[in-house]
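One structure is given below, encoded as structure tokens.
The values are calculated or read from the model by the stated rules, or taken from the named source; none is laboratory data. Every value quoted in this text rests on a predicted model; they were computed, and no experiment measured them. Neighbour counts are summed over all protein chains in view; Cβ atoms, including those assigned to glycine, are modelled from backbone coordinates with ideal geometry.
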Amino acid sequence: MNHARPRPLLVALALLAALLAPAVGARVKYRAGSAGAVARPPCEPLPGPAPDTPPRPRDRVGLNFSAGMLLSADSAAVQVCVLVDSLGLVRQARVERGGTPCDSAAVDAVRWWQFEPARRNGRPVAARSSVVVTIRPPVDADPLSPDVLGMALKAEAAGETRDAFDGWMGALARAGAHPTLGNEWVIRERIIRLAAGFGTPPAIPGDAQAAARGAHNRMLRDMSRATNADLAKALDEALVQAPWYADAYRWRASARAASGQRAGAMRDVLCYEIATRDSGALALADRALEALAAGDTLAAMTLLK
């Protein structure tokens, strides 16, 4: 049987392709504007008259990097479309332009940013806007060991809620102490939602409950800024042990408002809204958020006690 010989041009093209192809297992780099970027629908403005000024970031949180993200991610930029309400809180967020291993982490971070709201005729209004999240993986940071963040994400994707819960709890215990964990708030959110989905909610450890109630009782007697700053730290410990403890978020928000920590107080109130199921508590939380957004920390402190 006669075999057709390969054509010289085809052979040359195949060799060229082999030379240009990246080596197997090579680390992929993602940069803004690279060929790996993925474009999605543009960030359309809300219907109606445009605001005079767009929303502007006021207080940001960082990203969480699993071990896999550290291995595959490089400095990059992800463009995120946000819907910011009149209080400066993010109500919706999605990737507008990405294509990096950290797209989801970027969206999770922006959802917990706080903004100066858009304004029309001097009044705060809701608006959509594009923001750029610069991704800078910690230089020379060792990955989490064990990689509790990666374990939590994997278990959650597989629907293994108990394993996901344990993974997120492990991540929260390292948040603030490990350079790869810059967003404690999305970790808290995941834990609260998973805890609510269990048939029987996890019990609040007795020492966490005692510490939180003791801080609250002292808060009722002492309104000083310094004391409330200390009480907020005392409540930190309870909320690491039991991050689904709704009242502890409310009390810590009050202590933070009294000590001038407005951004932290607002995020605590948002966690309280996720954790509570009481309609009256939700209405109180909304009023407290309005007071905090207006800078009236005294009113917010009083409401949240």
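Just one of the listed residues (211, 126, 195) is over 19 Å from the mean Cα position of the chain (by Cα), closer than 30 Å to residue 231 by Cβ and among the aliphatic types (A, V, I, L, M), and it is 211.
Taken over segment 76-107, the criterion of being modelled with pLDDT under 95 and aliphatic (A, V, I, L, M) is satisfied by 76, 77. Does segment 125-140 contain at least one residue that is at pLDDT below 95 and aliphatic (A, V, I, L, M)? Yes, the conditions are met somewhere in segment 125-140. The residue that is surrounded by the fewest Cβ atoms within 10 Å (Cβ to Cβ), counting only those in segment 280-305 that are of a type in the set (Gly, Ala, Ser) and not in a helix (DSSP H, G or I), is 295. Mind checking which residues of segment 225-251 are touching a residue at least 24 places away in the same chain (Cβ under 8 Å) and either farther than 18 Å from residue 266 by Cβ or charged (D, E, K, R) (or both)? Within segment 225-251, 225, 226, 237, 238, 240, 241, 242, 244, 245, 247, 250 qualify. The single condition from (1) touching a Leu at 6+ places or on another chain (Cβ under 7 Å); (2) outside any strand (DSSP E or B) that residue 74 fails is (1). Selection of segment 57-71 for residues being of a type outside the set (S, T, N, Q) and part of a strand (DSSP E or B) yields 57, 58, 59. Out of 141, 155, 177, I need the residue that is in contact with an Asp or Glu (Cβ under 7 Å, 6 or more places away or on another chain) and either more than 30 Å from residue 43 (Cβ to Cβ) or not basic (Lys, Arg) (or both). Which one? Of 141, 155, 177, the one residue that is in contact with an Asp or Glu (Cβ under 7 Å, 6 or more places away or on another chain) and either more than 30 Å from residue 43 (Cβ to Cβ) or not basic (Lys, Arg) (or both) is 155. For first residues located in segment 167-181 and assigned by TED's automatic domain parsing to the domain that holds residue 156, partners that are among the small types (Gly, Ala, Ser) and modelled with pLDDT of 95 or more and lie 6+ apart or on another chain with Cβ distances below 7 Å form the pairs 167/152; 167/155; 168/152; 171/152; 181/171; 181/175. The residues of segment 127-169 that are surrounded by fewer than 18 Cβ atoms within 10 Å (Cβ to Cβ) and over 20 Å from residue 106 (Cβ atoms), listed by number, are 140, 142, 145, 146, 158, 159, 160, 161, 162, 163, 166. If you go through segment 226-242 and keep only what is within 28 Å of the chain's Cα centre (by Cα) and under 20 Å from residue 257 (Cβ atoms), you end up with 228, 229, 230, 231, 232, 233, 234, 235, 236, 237, 238, 239.
Please enumerate the residues belonging to segment 76-89 that are in contact with a helix residue (DSSP H, G or I) (Cβ under 6 Å, 6 or more places away or on another chain) and surrounded by fewer than 21 Cβ atoms within 10 Å (Cβ to Cβ). The one that is in contact with a helix residue (DSSP H, G or I) (Cβ under 6 Å, 6 or more places away or on another chain) and surrounded by fewer than 21 Cβ atoms within 10 Å (Cβ to Cβ): 87.
Looking at this structure, is residue 277 out of contact with any Cys (no Cβ under 7 Å at 6 or more places or on another chain), surrounded by fewer than 18 Cβ atoms within 10 Å (Cβ to Cβ) and not assigned by TED's automatic domain parsing to the domain that holds residue 89? Yes: the conditions hold for residue 277.
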